[in-house]
Amino acid sequence: MSKDLIALAKECPGLQVSITLGELVEANRLLVAEAKHELEQAIADSNAETYVSRAQAMQILGKGSTTLWRWKKMGYLVPVTVGAADRYRMSDIRRIMEGGDPAAQEGDAA
């Protein structure tokens, strides 16, 4: 129903309507509840952990295989092993991207 009202508002922007105060309050409650639900869903989706391959991690971070190996030994970026493949948490990659990397501080260009 709200989409019908939005379409009507776009088609007839000068249309005047009369509603009771109670209807206005109820409409606002529904809008707030809908917005809250959408926001909670967006937060839940953004908090879901995703994993990338070694090649994807190297591409995202702009680092080579040697750097990922060294970071694993340092405990800085530790992959999760799935079968025989390493997978890297996107949350860990975002942490590194936001906080810098130790290789830059050590003068490593790899």
Any residue that is in contact (Cβ under 8 Å) with a residue 12 or more places away in the chain, in a loop (DSSP other than H, G, I, E, B), open to solvent by 60 Å² or more (accessible area, probe 1.4 Å) and touching a strand residue (DSSP E or B) at 6+ places or on another chain (Cβ under 8 Å) - is there at least one of those in segment 39-49? yes
For the structure I just gave you, tell me whether residue 77 is of a type outside the set (Lys, Arg), modelled with pLDDT of 90 or more and part of a loop (DSSP other than H, G, I, E, B). yes
When you scan segment 64-85, how many residues do you find that are in contact with a helix residue (DSSP H, G or I) (Cβ under 7 Å, 6 or more places away or on another chain) and open to solvent by less than 40 Å² (accessible area, probe 1.4 Å)? 5
Any residue at all in segment 5-18 that is open to solvent by less than 70 Å² (accessible area, probe 1.4 Å), within 30 Å of residue 97 (Cα to Cα), among the small types (Gly, Ala, Ser) and at pLDDT 90 or above? no
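The values are calculated or read from the model by the stated rules, or taken from the named source; none is laboratory data. Being a predicted model, the structure only gives us computed values, none of them experimental. All Cβ positions, even for glycine, are placed from backbone atoms using ideal geometry, and neighbour counts span all protein chains on display. Note: accessible area is taken over every heavy atom of the protein model, side chains too, but ligands, DNA and RNA are not part of it. Shrake-Rupley method; radii C 1.70, N 1.55, O 1.52, S 1.80 Å.
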